[in-house]
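Step one of this worksheet: look at the structure below.
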Amino acid sequence: MTDGTATVELDVALEKHRTELTGYCYRMLGSSFEAEDAVQDTMVRAWRSYERFEGRSSLRSWLYRIATNVCLDMLTAGNKRARPMDLSESTPLAQAALAPRPDNTWLEPVPDARVLPTVDDPAEAAVAKESIRLAFMAALQQLPPKQRAVLILREVLAWKANEVAELLGTTVASVNSALQRARATLAEQRQSGAAADVSDPLDDEQQKLLERYVAAFEGYDMTALTALLHEDAIMTMPPFDLWLTGHDDITGFMTTLGSACEGSRLFPVRVNGLPGFAQYKPDPDTGGWSPWSIQVLEISDGRLTGFHFFLDTKRWFPLFGLPLHLEAKAEEAEEGA
C-alpha cells in the first residue's frame, strides 16, 4: 500500500464520523459554527497523532475522546449559550424594544442534516432528533461541561458507563454520579417549561397545522394566526433579547414593529429536529425578497407553543444552503410551476 493510498483511506475513515461528531460537539457547545470548528480541530489532531493511535479502542471512540477534549477546552471560558427567555422576563408589547446581544450569547439553530447521521433504528433516530431540539439544548447548557459530556454520551449516544469513564479518564462511580446530577438538573428544567410534542414524521394534524401557519403568515392574517397559537405561546428573535408571550402581544408586535414582514415567503427547512421555515421578506429596493429569518416552530397539543426567529441571515442562510436573495421573476415562476 502506498502512502498516498493510506492517506486517502484515513481521510475516508475520518470523514465517516464527521456528521455524528458535529452533532456531539453541537450538543456540547450550543453553536453550529463552533461545533464545525471543533470537529475540524478534532480531525486535524487525529491526523497529526494517527501514528500514535495504537488501536486499543475503536477509531470512533478515539475521535470522541479528542472531540470531548476540544469541546472542554472551548468551554473553559464558562460561557453558557441561552435563549432569550433564559436571560430575562417576558416584555409586554407596550415596552418592546429591540436590543441585540453578542452572537456568543445565543443558542444557535442547526440544520438537521449537519448533525443527524442516517441510522436504521427508528428509536435511535428519534432520540437523536429530540436531543437537538431547542428546549433540550437550552437545558444542556445549564450543566457543567463534564456533566454535559457524560449525559450526552450515556443518554443520547447510549455509551456504557465504563466506556465513558475510559474516555474521560475517570471512574465508573464518578460517571454514574455525574449522570445522576445531570438528570436531576434536566428534570428541573423540564418542569419549568413545556417540551415540543412533534411526531417524526409529522402526523396529519401537525402537517395541516403547518399548512395553516404558512397560509396565515404569508397572508399576514392575524386572526388566522391567533387561532393557531397557544394562549401562552412564546416568540423570540435572537440576537435581540426581547421575547413576547401570548398571542395578543405576538400578533400586536407583528403588525407594529414587525410590520415589514408582511408579504413574506416561507420555505420549509429541517432545523433542530423541529419544523422550520426560511423566511424571505419583500425587498423594496429590488422588487424581490431578501432573507429575514430562520424560523423554528414548537408544537404541543395541536397548537403552536413557540416560534423562534433567528435573524442573523448572513450566517444562517448559507449554513442551510439557501440563497441570499430571491428574484421576483424566479419566485413567481416557482409558484406557477
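The values are calculated or read from the model by the stated rules, or taken from the named source; none is laboratory data. Remember, it's a predicted structure, so these values are computed and weren't measured experimentally. Reconstructed Cβ throughout: ideal geometry from the backbone, glycine too, with neighbour counts over all protein chains shown. Only protein heavy atoms, including side chains, enter the accessible area calculation; ligands, DNA and RNA are left aside. Shrake-Rupley method; radii C 1.70, N 1.55, O 1.52, S 1.80 Å.
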Neighbourhood net charge (13 Å Cβ-Cβ; Lys/Arg +1, Asp/Glu -1) for Arg183: +2
Local electrostatic count, Ala138, Cβ distance below 14 Å [Lys/Arg +1, Asp/Glu -1]: +2
Of Trp289, Trp316, Trp106, the one that fluctuates the most in a GNM where the chain has Cα springs shorter than 10 Å: Trp289
Global form of segment 179-309, assessed from the alpha-carbon gyration tensor, a/c cut-off 1.5: prolate
Most mobile listed residue (Gly321, Gly306, Gly273) in the chain, GNM with C-alpha springs under 10 Å: Gly321
Within segment 27-105, trypsin sites (Lys or Arg not before Pro) in DSSP loop having at most 13 other beta-carbon neighbours inside 10 Å: Arg56
Chymotrypsin sites (Phe, Trp or Tyr not before Pro) within segment 183-249: DSSP coil, no more than 13 neighbouring Cβ in 10 Å: none
Hits among lysines - C-alpha to C-alpha of Lys208 under 27 Å, sequence gap 8 or more where chains match: Lys129, Lys281
Solvent-accessible area, 1.4 Å probe, carbon plus sulfur percent, for segment 1-124: 49
Per-pair calculated FRET efficiency, R0 = 56 Å: Ala173 and Asp232 via Cβ, rounded to 0.05: 0.85
Rounded to 5, the percent of DSSP beta bridges in segment 198-337 classed as antiparallel: 85
Sites Leu257 and Glu205 - FRET efficiency at Förster radius 45 Å, r taken between beta-carbons, to 0.05: 0.90
Proximal charge balance of Gln95 [Cβ under 14 Å; K/R count +1, D/E count -1]: -3
Computed lengthening from Tyr50 to Ala99, 0.36 nm per intervening residue step minus Cα-Cα distance: 12.9 nm
Residue with peak Gaussian network fluctuation, the chain [Cα springs, cutoff 10 Å], from Val175, Val271, Val127: Val127
Computed label-point distance, nm, for sites Asp121 and Arg270 using a 7 Å Cα→Cβ extension: 2.0
Average accessible surface area per residue within the chain, 1.4 Å rolling probe, Å²: 49
For Val271, residues with placed amide H under 5 Å, excluding near neighbours: Asp112, Gly276
Percent carbon-and-sulfur accessible area, segment 192-252, ignoring ligands, DNA and RNA, probe 1.4 Å: 48
